[in-house]
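Okay, structure first, notes after.
The values are calculated or read from the model by the stated rules, or taken from the named source; none is laboratory data. As the structure is a computational prediction, the values presented were derived from the model and not from experiment. Neighbour counts run over all protein chains shown; Cβ positions are idealised from the backbone, glycine included.
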Amino acid sequence: MPQVVQLSSESPGITGGVVARPPNVPHSSFNSLLFILLRGYNALRRSCLRRTSHCSGFKELAEIQERALMPSDIDEHLELMFTEALVCQPRTIVELGVRGGTSTFVFERVANMCAASFVSVDIDDCSSISSSPRWHFFQGDDVHFASSFEKFCRQRNIISSVDLLFIDTSHYYDHTIQEIESWFPLLSPRAKVMFHDTNMRLVGPRKDGCFQLSWDNQRGVIRAIEEYTKISIDETKECVHFANGWMLRHRPNCNGFTILDRVSA
C-alpha cells in the first residue's frame, strides 16, 4: 500500500498560505453561454470522431493510450509524458498536483517499469488515487513540503535527488515561481521537468479539432518559466529553445505542455 503523510492546516507555513484550487468554470454570464455552446460543438465533433489507440503489444503504453481516449485537459499529452519519462529512466519521480489522478496513472507505470520511487503532493486528500507500493502521497502545500523533502526521503529510503519533476498545481505565476525556487535545487544533474498549463486561455487549441475550455491564468506558468530561463516564449506555437543549461520544448495544444531537459550540470 502507498504511504500517506498529511500536513494539517495548523502547520507552519500552511495557515493562510495554501494556494486555492484554480477556477474550473468562467464566472461571467457571457463566458458561461460561450462554454455551453462550445461544449455542445465538442460533443458533436467527438461523436463523429473514431478515437482508437494504436499500440503494438506494449501493455503499459496501451493502457496510457486507452486512458488518453477520455477527453480531459491533459489527454493529448499523456503518451508524450509516458515516453519522455520512460526514456529518462528516473530513480525518483515527484508529481506536484494530483487531483483526479490522470498524471499519476501515467507516472506510476513509469515508476513500476523503472523501479523508481514516486512521490505525489496535493493540498487535497488524494490518497486513494493509487495503490502502487512505489507510491508515496503527501497532503499539504508543495512549496512548504520541499523544505522537508530530503528528510521525508531519508525516512523512507528514497533517493532525494529528483530525476523527474511534474508541475500541475495552481497555474498561478507567484506559486509557480515559488515551486521553481523550492524544487529546482532538489533536481539531479540529469533532471527532466514537465509543466502542464503553459498555454492557458478561456478557449484554446486542441489537435483533435475541438476547443479546450479553461480559464485565463495571465500566462502564469509560462511567464514563470520565462523568468527562470531568461528567454521569451511564444506559447501559442510549438518551439524548442536552449537557455540557462536547459533544452526547452513546448507544445501549445490542450492547455500547453512544456518540458525542460537539463543539458549541462
Please list, ordered by first then second residue, the pairs with beta carbon atoms under 9 Å, 6 or more apart or interchain, first in segment 226-246 and more than 17 Å from residue 200 (Cα to Cα), second among the hydrophobic types (A, V, I, L, M, F, W, C) and part of a helix (DSSP H, G or I). 227/177; 227/180; 228/177; 228/180; 228/184; 231/225
Criterion (at pLDDT 95 or above, part of a loop (DSSP other than H, G, I, E, B) and hydroxyl-bearing (Ser, Thr, Tyr)) met by exactly one of 160, 120: 160
Mind listing whichever residues of segment 234-257 are within 19 Å of the chain's Cα centre (by Cα) and in a loop (DSSP other than H, G, I, E, B)? 235, 236, 238, 252, 253, 254, 255, 256
Can you tell which of 121, 94, 110, 106 is under 13 Å from the mean Cα position of the chain (by Cα) and either among the charged types (D, E, K, R) or within 21 Å of residue 68 (Cα to Cα) (or both)? 106
Can you tell me which residue is nearest to residue 117 (Cα to Cα) among those in segment 77-87 that are of a type outside the set (Val, Ile, Thr) and surrounded by fewer than 21 Cβ atoms within 10 Å (Cβ to Cβ)? 86
Among the residues listed as 188, 182, 148, 214, the single one being more than 24 Å from residue 67 (Cβ to Cβ) and touching a Lys or Arg at 6+ places or on another chain (Cβ under 9 Å): 188
Is it the case, given these coordinates, that residue 98 is within 27 Å of residue 263 (Cα to Cα) and touching a Phe, Trp or Tyr at 6+ places or on another chain (Cβ under 9 Å)? no
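One line per residue, one yes/no per condition, for (1) touching a strand residue (DSSP E or B) at 6+ places or on another chain (Cβ under 8 Å); (2) over 25 Å from residue 172 (Cα atoms):
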residue: 37; (1), (2): no, yes
residue: 40; (1), (2): no, yes
residue: 95; (1), (2): yes, no
residue: 110; (1), (2): yes, yes
For segment 50-62, state whether one or more residues are hydrophobic (A, V, I, L, M, F, W, C), buried (at least 19 other Cβ atoms within 10 Å of the Cβ), within 19 Å of the chain's Cα centre (by Cα) and at pLDDT 90 or above. no
Pairs under 7 Å by beta carbon, first residue within 18 Å of residue 99 (Cβ to Cβ) in segment 131-154, partner among the basic types (Lys, Arg), six or more apart or different chains? 136/156
Would you mention how many residues in segment 153-169 are among the hydrophobic types (A, V, I, L, M, F, W, C) and touching an Asp or Glu at 6+ places or on another chain (Cβ under 9 Å)? 4
Subset of segment 124-157 [part of a loop (DSSP other than H, G, I, E, B), of a type in the set (Gly, Ala, Ser) and under 26 Å from residue 258 (Cβ atoms)]: 130, 140, 147
Give the residue that is surrounded by the most Cβ atoms within 10 Å (Cβ to Cβ), with candidates limited to residues of segment 184-224 that are assigned to a loop (DSSP other than H, G, I, E, B) and among the small types (Gly, Ala, Ser). 214
